[in-house]
Amino acid sequence: FAISGFAALGYEVAWMRLLMVSFSFNSHYEFSIVLVAFLSGLALGGWLGSRLLTRRPDLLSIFVGIQFLIGACGALSVLAFAHLSVLVEPIQRADSWWVSRTGVFFTAVSIMLLPTVAMGVIFPLVGQIYTRQLARLGRGIGDIGAVNSLGAVGGAFVTGFVLIPLLGTEWSVKVLAALNGLVGLTLALVSQQRKRLIWCGAAGLALLLVLVPSDVLRRIAEPTAVNRELVFYQEGAEGVITVEQQTDGFRKMALNGGGQVPTDYSSLQIFRLLGHLPLLLHPDPQEVLVVSLGGGIALGGAAQYEPRRITCVELVPEVIDAARLHFGEFNHHVLENPTAWNIELVIDDGRNFLLSSRDTYQIITGDATHPTSADSWVLYTKEFYELCRAHLSADGIMAQWLPFHGLPPDDYKTIVRTFQHVFPHTTLWRSNNYSIMVGTMQPQAIDWKMLNEKMTPPRVYRSLENIDMGNAFALLNTLVMDEVALRRYVGEGPLNTDDHPYISFVSPKGYSSGSWEVLEHLAPHRTSALSLLTTPSAIVREKIEVYFKAGEHALEGDIMRLQNRDRAAAMAYQRALQANPADRPSAYFLDLLAEQLVRRPPQDE
């Protein structure tokens, strides 16, 4: 019974991995869905077992048969996930949060119901086998419950931290199915059950284990588009890391199917800006902490300033291999020889690392995944920001990536409000589709001369020029709000905390919200970088104003582009270029939209 419990929780861990990768979802809801489906099956099985197995003389034979049934269902579940593509696409594209989650739930139930019902039947079955006398009923039920729970704990731990990292999810399920078969076969042989039938069942299960594919997750990860190919695949304790590449050079790293590091224009801009911006704003950054490696793009940007030490903390070891092998041209190849760049790579959770560290840093950057993801929400709470503040020097700077997509305006405000609650002097910066929060404990001020000097070294200039920010005017034009405007924008409201992780549970409204909604709320509060410059000359003031006014049209274009109003967006970018011909991001998007409009038939906007 302990081995049966071991296998049961092992299946749950493996099914969780298979479900997440299949649907590319990574929130608290997926765990809840699997748990509800699993417990519902157990409850139904327990109810059926308690009513159908009363006073049966062949209880041991039934137990043996159920073990073979669970093993067969476990093996077949892998096969079921391999053929989910018909269901996955419409569920992923569902406009309604309820439709999406309901689809995932019923998919999980359809795969897990039969094996979990069989698992549920086992408890009353073993209870009847083990407790024949009423006088020892309580003790007997307690004994079998304890044994089963102990096995379940071991199954969850061993599957998650031993079997999956060593064998992969598919082979882990096969091992668990083989355990069920072994339990059934052993009991049958010891109790002299019908051997011919038992051996046939064992042979059938063994054949099934051989026939079930062992590369299901890789098949799921394979791109369907003809212009894309899977160039990297590794599975570890934290998940499946993949990299797909297009024929035009575009790449995307994904964790459990969810895109984490795309190399499109907007993403490359924001990742590199995250590495450059805080080091440009600090007069002498020597100790830098990078929380989350991703593609190493922010890390590569920070390394161009040659600080004394850069500590990069990454939870998933496979990410380092993916970033080194396939993102070198974007991260300046700093992972090929980290020590030459004074980089120390640490495999750990960023928050746990800070809890155990006594070091102080002048720069801390956070490049975690989306705030609503189950593995990163703890890096967007008040307590995490307070932990970062405790590890910053008095003149230290904290910078964190914050997306616009997948967050309703109120949720976006909540994160910014939480950040500013801890770092009172916070400014907000953006690059097209994403933003960066920059927080300090001292008022922020930018010295024009220092900024230009720090952007002059060829290594720094090339890195910034590659994302169309090779001059200080273009860089400063990414400012959205200074601290005064930002405080007015966020207003009063809730904070995102460990005890009340407001952002972790996406509302139905947040599921379908687009980046443009947040941008629309930001637009009226936009402020010029002149509010941060200490002593700008008249010429500098005039040029910053030119960039700022053109930026209003560019922001309007970004909003319309994200609304798929391509013609209106193109006109806005044209106005931006008329105001400032040096606005290269607007020129990029105008060219991009022109290509799309040629291929797309006219439509009303």
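Model label sites at SER24 and ALA523, defined 7 Å from Cα along the beta-carbon direction, differ in position by 2.8 nm. With semi-axes √(5λ) of the Cα gyration tensor in Å as the read-out, I listed (1) 60, 26, 22; (2) 53, 25, 22; (3) 50, 30, 25; which label goes with the value calculated from this structure? Matching the structure shown: (2).
Relative to the longest principal axis of the Cα atoms of the chain, helix 409-422 runs at roughly 80 degrees. The C-alpha atoms of the chain define a longest principal axis, and helix 28-52 lies at about 10 degrees to it. So what is the relative contact order of segment 1-122, in percent, for Cα pairs below 8 Å that sit 6 or more residues apart? Once divided by the residue count of segment 1-122, the mean separation gives 47 percent. Sequence-ordered 3J(HN,Hα) estimates for segment 542-556 from the Karplus curve with 6.51, -1.76 and 1.60 and θ = phi - 60° stand at 5, 6, 4, 5, 4, 4, 5, 5, 5, x, 5, 5, 5, 5, 4 Hz, glycine and proline given as x. Helix 317-326 and the long axis of the chain differ in direction by around 50°, with both axes built from C-alpha atoms.
Between VAL190 and SER96, the FRET efficiency from the beta-carbon distance, with R0 = 45 Å, is close to 0.25.
Ranking SER50, ILE70, THR418 by Cα position along the charge dipole of the chain, where only Lys, Arg, Asp and Glu carry charges on their C-beta atoms, puts SER50 farthest toward the positive end.
Under a 5 Å amide H cut-off, with hydrogens placed 1.01 Å from N, SER393 pairs with TYR361, GLN362 among residues at least 5 apart or on other chains.
Packing around the peptides 287-296, 100-109, taken as the average count of other Cβ atoms within 10 Å per residue, puts them in this order, highest first: 287-296, 100-109. Under the convention that each Lys and Arg Cβ holds +1 and each Asp and Glu Cβ holds -1, the size of the dipole of segment 255-383 around its Cα centre is about 240 debye.
Extending 7 Å from the Cα toward the beta-carbon at both ARG389 and ALA340 defines two label points whose distance is 4.1 nm. Only helices enter this figure: runs of n ≥ 4 DSSP H residues, each worth -39500 (n - 2.57), summed and divided by the residues of the chain, yield -18500 deg cm²/dmol at 222 nm to the nearest 500. When each of the peptides 312-323, 179-190 is scored by the mean number of other C-beta atoms lying within 10 Å of its residues, the order from highest to lowest reads 312-323, 179-190. Length gained on full extension, ARG358 to ALA146: 72.1 nm, using 0.36 nm per residue less the C-alpha separation. The phi-based Karplus calculation (6.51 cos²θ - 1.76 cosθ + 1.60; θ = phi - 60°) puts the 3J(HN,Hα) values of segment 433-450 at 9, 9, 9, 9, 9, 10, x, 9, 9, 10, x, 7, 9, 10, 8, 4, 5, 4 Hz, whole numbers, x for Gly and Pro. Using +1 at the C-beta of Lys and Arg and -1 at the C-beta of Asp and Glu, which of ASN477, PRO165, LEU268 has the Cα lying farthest in the positive direction of the dipole of the chain? Farthest along the dipole direction, towards plus: PRO165.
Bridge orientation summary for the chain: considering DSSP beta bridges with both residues in this region, about 60 percent are antiparallel. This model, with +1 at the C-beta of Lys and Arg and -1 at the C-beta of Asp and Glu, gives the chain a dipole about its Cα centre of some 1980 debye.
Computed from the coordinates by the stated procedures, all read-outs in this text should not be read as laboratory data. Note that the structure is predicted; figures quoted are calculated from it, not measured. All Cβ positions, glycine included, derive from the backbone under ideal geometry; neighbour counts span all protein chains shown.
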